[in-house]
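Encoded as structure tokens, the structure appears first; notes follow it.
The values are calculated or read from the model by the stated rules, or taken from the named source; none is laboratory data. None of the values given here were measured: they were computed from a predicted structure. Quick reminder, even Gly has a Cβ in these numbers, built from the backbone with ideal geometry, and neighbours come from all protein chains shown.
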């Protein structure tokens, strides 16, 4: 025998739980990363962190509206996910097309050379240590970063898109729950 669908009040309670957790985590984590980026003079990172934290604030605003009995809160929940999805995907696309592994690899090479000298060894380039040419290492680093960016983009579309769809789909049920309370 199939399980009956949850009551509207239970759906509302679940949406309230999800939105408070998601909204607070966004504000705290994204805001923290945005501030850290700001202190490191990474203006793009600070902007992205601030916008993502703003999406969390939008979600918490929607939750407050639902708590006040206003169905329009569902729209704010959906908007928060669309804003977050847009911010993350735009950042991922930008980084995908502008990523340059050379500065990071140069820092790694310097740290490695320092560590080798401190141990009385002659510095050996990283590429040589792992049996590659410098160009092969650059290509590997770039392909690895691209894989990460594609994974983050896909996960964002699934998670934020899925949550936006969930909130939207539960709107009529939430409306019934708000009418009964």
field: Members of region 158-170 found to be surrounded by 14 or more Cβ atoms within 10 Å (Cβ to Cβ) and within 23 Å of residue 87 (Cβ to Cβ), listed by number
entry: 159, 160, 161, 163, 164, 166, 167, 168
message: On the basis of being under 15 Å from the mean Cα position of the chain (by Cα) and in a helix (DSSP H, G or I), does residue 44 make the cut?
response: yes
- line: Counting only residues in region 52-74 that are assigned to a helix (DSSP H, G or I) and more than 21 Å from the chain's Cα centre (by Cα), the one nearest to residue 34 (Cα to Cα) is identified as 64
query: Say we look at region 1-24 and pick out the residues that are modelled with pLDDT of 95 or more and loosely packed, with under 12 Cβ neighbours inside 10 Å; which of these is farthest from residue 80 (Cα to Cα)?
result: 17
field: All positions within region 43-81 that are more than 15 Å from residue 12 (Cβ to Cβ), crowded, with 16+ Cβ neighbours inside 10 Å and in contact (Cβ under 8 Å) with a residue 40 or more places away in the chain
entry: 48, 59, 60, 78, 80, 81
task: Considering every residue within region 12-24, establish whether at least one is farther than 20 Å from residue 162 by Cβ and assigned to a helix (DSSP H, G or I).
output: no
